[in-house]
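The values are calculated or read from the model by the stated rules, or taken from the named source; none is laboratory data. These numbers come from a predicted model, not from an experiment. Cβ: placed from backbone, ideal geometry, glycine included. Neighbour counts: every protein chain shown.
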Ligand code: SF4
Ligand code: SF4
């Protein structure tokens, strides 16, 4: 027995279908750092069933509980009934947002995600003034706040701003030889902070002689707002992106995304989000056939692997790979980045590459940062145990979280997206 597609938002049915077997509990990220039945998949499902039956008030305690889930989907992967705990928690967070509103800084952040020009200006100002409030750490492309704010703790690393966003740094169209045509959806973190990812992707596509369309009117995929329950913002961003992608979808072979969370949001979560808007759901499903993670598409549709293989080992650096939840569990992408990296680097697996890094979203990175820290420590320890010089993952949310966990645990390993490693190997 598994949940039918039409039942995925029926809390009562899901609650009834939970057989209380407990298989989800040992793999649950929040239960691991807060061992309480109410912060476990089984507990969340039980409480959500009670909420739908009118037996549980959505008060501050319930809000606190439902905002504790990392949305890592570990529980979904092991549940014998495929119960979608993450998706029903995303739904109830919208009810929480309607009842309690959003904190000022979340409102501001989601406003900026809707207004790219203002975000561009603020990001440039942030680059100019970041040294006033932060110590810059070039090695990790990060900065350390010089003082604590209610939402930013002093002893943590944040990604540092780039001088110019990725999308504002290149022409709209880059002709490389016409062996294919792809659009790039870059994601906000790689657009404003980890800009070397986009630069590296352009370098790879040049070697592959594939033309590039930067599709510059793209907006944020909406994942930060979706995980926080701001469904108005998700509705705005998803409709904008779907309409925009439809306008050129037939001209492109693919829209490639070097970011697991953005890719899973556009490819999979847009259709879930529009479950009650039939026309938009159909349009989201239609567009999803053109959306791919960058390593996935280049591995399966180009000669990249052969070109890398022809170079042999180009570096002595030992690499380990972390599987982002939104890549492996949601999209089944895990072999492709490994196979590409292994052509030119020494490679080792960590003891549990599948374990969630503990990023968890905006609320987890601010109000509940103590949980993110606790969930990050075991990941930092298993990376240290590999003795790898570089940990890689095709996800900038994982990068932000893992970089901070390594810093907190005093582990010297640095982080690179597989796209950066591949581009470096091609230059040798
Ligand atoms: S999504 Fe992750 S943190 Fe949330 S209940 Fe499932 S396993 Fe636990
Ligand atoms: S694994 Fe599934 S059925 Fe078993 S307790 Fe967890 S949510 Fe319920």
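Which condition does residue 219 not pass, out of (1) surrounded by fewer than 24 Cβ atoms within 10 Å (Cβ to Cβ); (2) assigned to a loop (DSSP other than H, G, I, E, B); (3) touching a strand residue (DSSP E or B) at 6+ places or on another chain (Cβ under 8 Å), if it passes all the others?
It is condition (3) that residue 219 fails.
Are any residues in the stretch 16-46 more than 14 Å from ligand 2 (Cβ to nearest atom) and surrounded by fewer than 19 Cβ atoms within 10 Å (Cβ to Cβ), and if so, which ones?
Hits for the stretch 16-46 are 34, 35, 36.
State all residues of the stretch 47-63 that are under 24 Å from residue 269 (Cβ atoms) and more than 12 Å from ligand 2 (Cβ to nearest atom); if no residue qualifies, say none.
Step one: filter the stretch 47-63 for residues under 24 Å from residue 269 (Cβ atoms), giving 47-49, 51-52, 58, 62-63.
Of everything in the stretch 47-63, those that are under 24 Å from residue 269 (Cβ atoms) and more than 12 Å from ligand 2 (Cβ to nearest atom) turn out to be 47, 51, 52, 58, 62, 63.
Exactly one condition in (1) in a helix (DSSP H, G or I); (2) surrounded by 13 or more Cβ atoms within 10 Å (Cβ to Cβ); (3) at pLDDT below 95 is not met by residue 93; state its number.
(3)
For the stretch 47-90, which residues satisfy the criterion of being in a loop (DSSP other than H, G, I, E, B) and surrounded by fewer than 18 Cβ atoms within 10 Å (Cβ to Cβ)? I'd like the intermediate steps shown before the answer.
Applying the first criterion (in a loop (DSSP other than H, G, I, E, B)) to the stretch 47-90 yields 53-59, 67-73, 79-84.
Those that are in a loop (DSSP other than H, G, I, E, B) and surrounded by fewer than 18 Cβ atoms within 10 Å (Cβ to Cβ): 53, 54, 55, 56, 57, 58, 59, 80, 81, 82.
Select from the stretch 252-294 the residues that are more than 30 Å from residue 358 (Cβ to Cβ) and at pLDDT below 95 and list them in ascending order. Write out each step before concluding.
Just the residues of the stretch 252-294 that are more than 30 Å from residue 358 (Cβ to Cβ), to begin with: 252-254, 276-283, 285-287, 289-290.
Within the stretch 252-294, 276 is the sole residue that qualifies.
Mind checking whether some residue in the stretch 64-76 is more than 15 Å from ligand 2 (Cβ to nearest atom), without any contact (Cβ under 8 Å) to a residue 40 or more places away in the chain and in contact with a helix residue (DSSP H, G or I) (Cβ under 9 Å, 6 or more places away or on another chain)?
yes
Here are some residues: 390, 422, 402. Which one is under 23 Å from residue 305 (Cβ atoms) and crowded, with 24+ Cβ neighbours inside 10 Å?
On the way: 390 fails: crowded, with 24+ Cβ neighbours inside 10 Å; 402 fails: under 23 Å from residue 305 (Cβ atoms).
Criteria check complete, one pass: 422.
Are there helices (runs of 4 or more DSSP H) fully within the stretch 280-396 with at least 3 residues that are without any contact (Cβ under 8 Å) to a residue 60 or more places away in the chain? List them.
In the stretch 280-396, the matching helices (runs of 4 or more DSSP H) lie at 294-301, 304-311, 335-342, 369-386.
I'm checking my understanding of the structure. Among residues of the stretch 253-263 that are touching a strand residue (DSSP E or B) at 6+ places or on another chain (Cβ under 9 Å) and part of a helix (DSSP H, G or I), which one is surrounded by the most Cβ atoms within 10 Å (Cβ to Cβ)?
Here the residue is 263.
Just need a number here: residues in the stretch 64-105 that are within 23 Å of the chain's Cα centre (by Cα) and under 26 Å from residue 21 (Cα atoms).
Adding up the residues that qualify gives 28.
For the condition at pLDDT below 95 and outside the structural domain of residue 28 (by TED's automatic domain parsing), what is the one hit in 335, 365, 331?
Values: 335 fails: at pLDDT below 95; 331 fails: at pLDDT below 95.
Answer to the selection: 365.
Check residue 235 against each of (1) outside any loop (DSSP other than H, G, I, E, B); (2) touching a residue at least 60 places away in the same chain (Cβ under 8 Å) and name the one condition it does not meet.
With (1) outside any loop (DSSP other than H, G, I, E, B); (2) touching a residue at least 60 places away in the same chain (Cβ under 8 Å) applied to residue 235, the lone miss is (2).
Return a yes/no flag: does the stretch 374-383 have any residue that is surrounded by fewer than 19 Cβ atoms within 10 Å (Cβ to Cβ) and either at pLDDT below 95 or within 16 Å of the chain's Cα centre (by Cα) (or both).
Within the stretch 374-383, not a single residue is surrounded by fewer than 19 Cβ atoms within 10 Å (Cβ to Cβ) and either at pLDDT below 95 or within 16 Å of the chain's Cα centre (by Cα) (or both).
Do the conditions hold for residue 35, that is, is it closer than 20 Å to residue 372 by Cβ and more than 9 Å from ligand 1 (Cβ to nearest atom)? Spell out the reasoning first.
Values: closer than 20 Å to residue 372 by Cβ: yes; more than 9 Å from ligand 1 (Cβ to nearest atom): yes.
Answer is yes for this residue.
Would you mind telling me which numbered condition in (1) more than 11 Å from ligand 1 (Cβ to nearest atom); (2) closer than 24 Å to residue 26 by Cα residue 73 fails?
(1)
Which residues, counting only those in the stretch 331-361, are surrounded by fewer than 22 Cβ atoms within 10 Å (Cβ to Cβ), in contact with a helix residue (DSSP H, G or I) (Cβ under 8 Å, 6 or more places away or on another chain) and over 23 Å from residue 389 (Cβ atoms)?
331
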